[in-house]
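Working notes, structure below.
The values are calculated or read from the model by the stated rules, or taken from the named source; none is laboratory data. Predicted model, so just to flag it, every value in this text is computed and none were measured. Because the Cβ atoms are built from the backbone with ideal geometry, glycine has one as well, and the counts that use them run over all protein chains shown. Note: accessible area is taken over every heavy atom of the protein model, side chains too, but ligands, DNA and RNA are not part of it. Shrake-Rupley method; radii C 1.70, N 1.55, O 1.52, S 1.80 Å.
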Amino acid sequence: MHSCGNVLPLQFIIEKEMVSVEGLSVEFSARPLFTNASFVVNDRDRIALVGKNGAGKSTLLKILCGMQQPTSGVVSIPNDTTIGYLPQVMVLQDDTTVREEAQKAFSHVHELKERIDRMNQELADRTDYESADYLALVERFTQEHDRYMMMGAENCEAELERTLMGLGFLRTDFERPTSEFSGGWRMRIELAKILLQKPDVLLLDEPTNHLDIESIQWLEQFLAQSAKAVVLVSHDRAFINNVSNRTLEISCGRIIDYKVKYDEYVVLRKERREQQIRAYENQQKEVADMKDFIERFRYKATKAVQVQQKIKQLEKIVPIEVDEVDNAAMHLKFPPCLRSGDYPIICEDVRKDYGEHMVFAQVNMTIKRGEKVAFVGKNGEGKSTLVKCIMGEIPFDGNLKIGHNIQIGYFAQNQAQLLDESLTVFQTIDNVAKGDIRLRIKDILGSFMFGGEASDKKVKVLSGGERSRLAMIRLLLEPVNLLILDEPTNHLDMPSKDVLKEAIKAFNGTAIIVSHDREFLDGLVTKVYEFGGGKVREHLGGIYDFLQSRQISELSELQSVQKSQSSPSTPSSPSNNNYAEHKERQKRLRKAERAVDESERKISDMERRLKELDGLLMNPANASNMEFVTEYTTVKKALDEEVERWERLSEEYEQLTSI
C-alpha cells in the first residue's frame, strides 16, 4: 500500500527522504520475489537496481511509482514529492508533432499560468481594494506567481529544445509528426517529457535501450547535474557505473543495500559471497559432524542426553544462504569455419541516397581479415544502411567488394522474426547445434536467460526481446567467418553480454559491430568508424580512444565542419583547412603514441624473458646450456636496440605534443 503524509523538516537531517519502504514483500503464484525489504530513497541518491533477470527489478519500480501493489509492506511518499517513471514498454500517442508531444510535460505549468492570468484579470476588474477578500486574492496571486517564476516557466521552451537535442533530435524534427518516427525515437520523446517535468524521484527502466552513445553521455550528465533522486535499471555497465553512487541488489529473495557505485559493488559482492561460501562450508561441516554423532551414539544409553542435545541444536540451525551467482563463466566458441580472403570488405566511393536525402557519400574503407570494428554515430546517420549495402539488401552507388570465401553471420532486430514459430526454444537451437555442443544446449540457453522451463516455450509465445536472444544464440552456433551484429546487446543482461563478448573476442574471423554500448565495445574493437554528416570517418584504437579524440577535436566544431563539407558547392575555407591540419596532426599524434606504447610493451616482454633466463642460468644444471646463453645474448642486444628506439620515439611524440 502507499501512504502519504507530511514530513517535518528537522535541522539535523541533511538528506531529504523522498521515499521510505518498510517490510516490503512481493509474491507471484505463492513464489516470493523478495520479502521484508526496507530502505529509503534520499535526495541526490543515484541508485542502481541490480539482480538477475526475473529477480523483480521492474516490479519494484512499478511498486515505487504506485502502479502495482505489494503483497505486504508500506511505501511512504511525502505529499509534495513527485515521481517520474519510464517503463521499458509504453503506450505511445501518434496525433501530435514532436514539439507538441514534449510540451505536454508542461501541462501543469500552463494550467498555473491560466490561473495566474485569471486572478490578474480579476484584480484589474475589481475595485474593493480594502476588502479582506481582495487582500486574500492578492496574497494568492503573489504566491502562485512566485511559484510560477520558481519553476523557471519562462525558460520552458529553451529547456524543451535543449532536452530534445540532447536526446538526438534535430531542430528540423520538432514540427514533424511523431507518427513518422520509430518506436525507439518515440520512447526518447517520452524520456524527454519525464526529464522536463523535473520530478523529485526518477524511476528509469532500461533508459539507454534506444539511445546512441552521444545521447547516453548527455543523459549521464543530466542525471549527475540536474536530477534530484534516481533509481534505475540498466544493462549498460558503463552508464550505470557513471551515474550511480549507491547499489540495491535483489538476490535470494532479499534486497541488499550497498552504499557504493556499481563497480565498487561488484568487488564488495564478490567478497561477501566468498565469506558466505566459507560460512556455508563451515556450517555444512558442523551439521555433518552432528549427524555423524547422532548416528553413532543413537542407541547408546550413556550418550542419550548428548544425542538429544545434538538433535535440538540441529533443529535450531538456520541454513546459511549463498547469494545467487550468474552464468558469466559460461564460455562459447564459434564453430570452425573456412579461412576468408585477406580483405573481407572493401568500399570505394560508396554512396546511398533515399530520394533527395543523401545518407552518406564517398565511403572508403578496407576491413582486414580478423579485424573487429565498431560502427558508431547518432541514429539515422547510416550505420544500419551501410550494413544493408554490405548484405546486398538495398541498391547503392560506388564499388563494394566482398572478399573471397566469405560466410556472413548477420544479426539484426528483424532476424528474430525469421524464427520458426512452431518450434520450442530448445528445438530451435538443437536444429543448428553440431557435435559436442549439443550436450551443452541447456547450459547455453541458461546463460542467455532461457533457464529451466523457459527452454520448453514455443517460439510463437516469446516476446520480441526473447526472440532476439534466441536468434543471437542460433547465430553463435553457425560456422561463419564474417560477423555483422546490429545492436546485439539491446535485450541482453550483463552476464549474457559477457558471454557474447568473450565469444566474439575468441572468434578468429572478422566482426562488424553496430552498437551504442561502450562497455561492450571496450576491449573488443580495435577500429571505430564514425557515421555523421553524410561522411564515414575512420578512427584507429578502441572505443574510449575514439571518445577521447572527439572531446579533443571539439564536437561542435566537427559538426559544423561536417555540415559545410556535406554541401558540394561549399568552397574550401581557412576553417576547413585548419580542421584538416588539426585532424592530420591528431592522426600523427595517435600513431606516435601507439609506437611508444608498442615499444614499451616489447621492452617489458624482453625484460621479463631476461629475468626468466637469469633464473634458469643460475641453476648449475643449466650453466653450460648454450641455447640459453645464446638466447640471453640475443635478447640483451635486442633490448638495448629497442631502448634506443623507444628514446627516439618518445622524443618525436613529445615534439608533436608541444606543437
Any residue at all in the range 508-530 that is open to solvent by less than 10 Å² (accessible area, probe 1.4 Å), assigned to a strand (DSSP E or B), modelled with pLDDT of 85 or more and among the aromatic types (F, W, Y)?
yes
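For T172, are the conditions met, namely being closer than 25 Å to N379 by Cα, loosely packed, with under 12 Cβ neighbours inside 10 Å and either of a type in the set (V, I, T) or within 19 Å of the chain's Cα centre (by Cα) (or both)?
yes
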In this structure, is I194 closer than 18 Å to N379 by Cβ, part of a helix (DSSP H, G or I) and among the aliphatic types (A, V, I, L, M)?
no
Cross-chain or 6+ apart pairs with Cβ under 7 Å, the range 430-459 first and surrounded by fewer than 12 Cβ atoms within 10 Å (Cβ to Cβ) and assigned to a helix (DSSP H, G or I), then modelled with pLDDT of 80 or more and small (G, A, S)
none
Report every pair of residues separated by at least 6 positions or lying on different chains whose Cβ atoms are under 7 Å apart, first residue within the range 47-76 and under 24 Å from F239 (Cβ atoms) and open to solvent by less than 40 Å² (accessible area, probe 1.4 Å), second outside any strand (DSSP E or B) and aliphatic (A, V, I, L, M).
A48/I240; L49/L60
Residues in the range 175-199 that are modelled with pLDDT of 85 or more, in contact with a helix residue (DSSP H, G or I) (Cβ under 7 Å, 6 or more places away or on another chain) and open to solvent by 20 Å² or more (accessible area, probe 1.4 Å) total 4
Based on what the data block shows, is Y343 farther than 30 Å from A433 by Cβ and either free of Cβ contacts under 8 Å to residues at least 12 places away in the same chain or open to solvent by less than 30 Å² (accessible area, probe 1.4 Å) (or both)?
no
Residues of the range 342-391 being farther than 17 Å from N481 by Cβ and part of a loop (DSSP other than H, G, I, E, B), which ones?
G355, E356, K378, N379, G380, E381, G382
Scan the range 239-262 for residues that are among the basic types (K, R) and assigned to a loop (DSSP other than H, G, I, E, B) and jot them down.
K259, K261
Take the range 620-646 and flag every residue that is farther than 19 Å from A595 by Cβ and open to solvent by less than 70 Å² (accessible area, probe 1.4 Å).
N622, A623, N625, F628, V629, E631, Y632, V635
Restricting the range 200-240 to residues that are open to solvent by less than 10 Å² (accessible area, probe 1.4 Å) and among the polar types (S, T, N, Q), the one nearest to E381 (Cα to Cα) turns out to be S215
Note down all Cβ pairs under 7 Å where the first residue falls in the range 9-30 and is under 16 Å from K228 (Cβ atoms), the second is modelled with pLDDT under 55 and not in a strand (DSSP E or B), and they're at least six residues apart or on different chains.
E17/V7
Examine the range 183-190 for a residue that is out of contact with any Ser or Thr (no Cβ under 9 Å at 6 or more places or on another chain) and part of a strand (DSSP E or B), and state whether such a residue exists.
no
Being at positive phi and either aromatic (F, W, Y) or open to solvent by 10 Å² or more (accessible area, probe 1.4 Å) (or both) is the filter here; which residues of the range 365-416 pass it?
G370, G377, G380, G392, G398, N405
Can you spot a residue in the range 404-422 that is without any contact (Cβ under 8 Å) to a residue 40 or more places away in the chain, within 30 Å of R188 (Cβ to Cβ) and part of a helix (DSSP H, G or I)?
yes
Single residue of the range 207-227 satisfying the filter (of a type outside the set (S, T, Y) and closer than 16 Å to K193 by Cα) that is modelled with the lowest pLDDT:
H210
Give all pairs with beta carbons closer than 9 Å in which a residue from the range 106-121 that is on the phi > 0 side of the Ramachandran plot and part of a helix (DSSP H, G or I) meets a residue that is at pLDDT 85 or above and open to solvent by less than 90 Å² (accessible area, probe 1.4 Å); count only pairs at least 6 apart in sequence or on separate chains.
none
Quick check on Y265: is it assigned to a helix (DSSP H, G or I), at pLDDT below 85 and hydroxyl-bearing (S, T, Y)?
no
Open to solvent by 50 Å² or more (accessible area, probe 1.4 Å), modelled with pLDDT under 90 and of a type in the set (S, T, Y) - does that describe any residue in the range 77-94?
yes
